[in-house]
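In what follows, a structure is listed as structure tokens, so that the remarks can point back to it.
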Amino acid sequence: MAYTVHDVAALSGVTIKTLYHYHKIGLLLPESIGENGYRYYGDREIERLQQILLFREMDFPLDAIMDALLSEPSRLQCLREQQTLLVARRQRR
């Protein structure tokens, strides 16, 4: 199934501007772009967006998210670093 940028924004709760930004920086590319310039996203892109939003919820910067999504070892390292930060934050309370 193909989703327009409007569909993805409504489904995910992110703004269209955010989706355009993610495309511009190469973080979330559409599955295809129609002759009319519309961006279309498939299930794989929706799944990637879910991963991006999870990392954003954990306060990862976009460049770290990009690194994490590019390779499994990087993703695991990012999650370990975030776990360390969360433990440290909890101990300060």
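Roughly how much of Thr84 is accessible, in Å² to the nearest 10, using a 1.4 Å probe?
90 Å²
For Ala2 and Ala88, what is the calculated FRET efficiency with R₀ set at 30 Å and r taken between the beta-carbons, to the nearest 0.05?
Values: r = 43 Å, r/R0 = 1.44.
The value I calculate is 0.10.
Hey, can you find the accessible area per residue of the chain for me, probe 1.4 Å, expressed in square angstrom?
Counting only protein heavy atoms, the per-residue value for the chain is 70 Å².
Of Ile52, Ala68, Leu85, which is farthest towards the positive pole of segment 51-93's charge dipole, taken about the Cα centre with +1 and -1 on the beta-carbons of Lys, Arg and Asp, Glu respectively?
Highest projection toward the positive end goes to Leu85.
Extending each Cα 7 Å along its Cβ direction at Thr15 and Leu70, get the distance between those two points in nm, one decimal.
The modelled label-to-label distance comes out at 2.8 nm.
Taking only DSSP H segments of four or more residues, each worth -39500 (n - 2.57), what value at 222 nm results for the chain once the sum is divided by all its residues, to the nearest 500 deg cm²/dmol?
-21000 deg cm²/dmol
In percent, how large is the relative contact order of the chain, given Cα pairs closer than 8 Å and 6 or more residues apart?
20 percent
The values are calculated or read from the model by the stated rules, or taken from the named source; none is laboratory data. Remember, predicted model here, so these are calculated numbers, not experimental data. Counting neighbours? That spans all protein chains shown, and the Cβs are built from the backbone with ideal geometry, glycine included. Each accessible area value is taken on the protein alone, full model and side chains, heavy atoms only, with ligands, DNA and RNA left out. Shrake-Rupley method; radii C 1.70, N 1.55, O 1.52, S 1.80 Å.
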